[in-house]
Amino acid sequence: MPLLAPQPLGQGPIRQAIVHQVRALVGGTGDDTVERNRQDTGFFGPDSACWKVHGDFTSMMVGGIAALLMQMLHPGALAGVWDHSNFRSDMAGRLRRTARFIAGTTYGDRAEAQGHIDRVRAIHARVAGTLPDGAAYSADDPDLLTWVHAAEVSAFLAAYLRYVDPGFPPAEQDRYFRETAEIARRLGAVCPPQSRAEMAAYLRAVRPKLRYDRRTREVARALFAQAPPNVAAAPAMALVFDAARDLLPDWAASLHGFHISVPRRGAARLGVQVLGRTVRWAIVNSAETRARRRAEQLALEAANGAGRGSRSGR
């Protein structure tokens, strides 16, 4: 996806090309078929913090890759990927599945969101094994689920603050962690962090458990070696990968051995800011936009129903 300055609204082919690039990365049709069948606004609703944070495609891509880099530092999370996935050839598929899960649990109605959670729990029930040191691991272990969740949502919020809204209020940041903890609990996590202070304390406490070894290196290399969907997307993917490395906490970047020069860091941040503005200009029918449109329809239907009920009761 080339870095384009926003074009006039009449430049349909440019917008369509960018939309095509995005769909090639995450899948989906971008139509209202699913929204028309939604019966409610899900676990959170349009006024929630997570509807805002999860609504920006570019920052979610940066945060998602940073989250994977953090998650693989935990021996249990790494073993699950190593033993039970074809990460060398399907890392892009993993990103797409994660994107669909986040979109479905954020913007779907309650039945849809719970369906995504139930499917993941069924997969987790089959993921277990033995670590190189002989210890057992299981994907449905509550502590491991808490780590995977914490790495994910802390990275999503960090990317949102850097690339979308640096002024996102602290109270809203706490609300974001509180809201997303609901998904973690439904997946089986116990006591997921529910505020910035709890998240910082949790990450400090878990650091002694984290490791970097040859398997971590190979999984990270597989992530960065993923081919773009086409040649035009290569520059954007390179920017996003650099931005993800740069987004990591210093301790996580140090474990991975990432050393990003100041000029390269500056180029990545500026490039992703331009990329984000371009994608926001192009994606006029995003998952968030469609969900908000459906939420307005549901509110109107409820108001009309209440009005009919009031009149019939006279």
Thr289-Ser261 FRET efficiency (beta carbon distance; Förster radius 41 Å; 0.05 resolution): 0.65
FRET efficiency, Glu301 to Asp47 (Cβ-Cβ, R0 22 Å, nearest 0.05): 0.75
Neighbourhood net charge (15 Å Cβ-Cβ; Lys/Arg +1, Asp/Glu -1) for Gly129: -2
Cα Rg, Dmax (largest Cα-Cα span) when computed across the chain, Å: 20.3, 75
Cα-projected label distance for Ala197 with Leu270, points at 7 Å along beta-carbon direction, nm: 4.0
Cβ crowding within 10 Å averaged over residues, with 239-246, 293-300 ranked highest first: 239-246, 293-300
Distance-filtered residues of the stretch 50-69 - backbone nitrogen under 13 Å, label point 7 angstrom along Ala225 Cα→Cβ: none
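Each value in this text was obtained by applying a stated rule to the coordinates, not by laboratory testing. Nothing here was measured: the structure is a model prediction, and the numbers come from that model. Note that each Cβ is placed from the backbone with ideal geometry, even for glycine, and that neighbours are counted across all protein chains shown.
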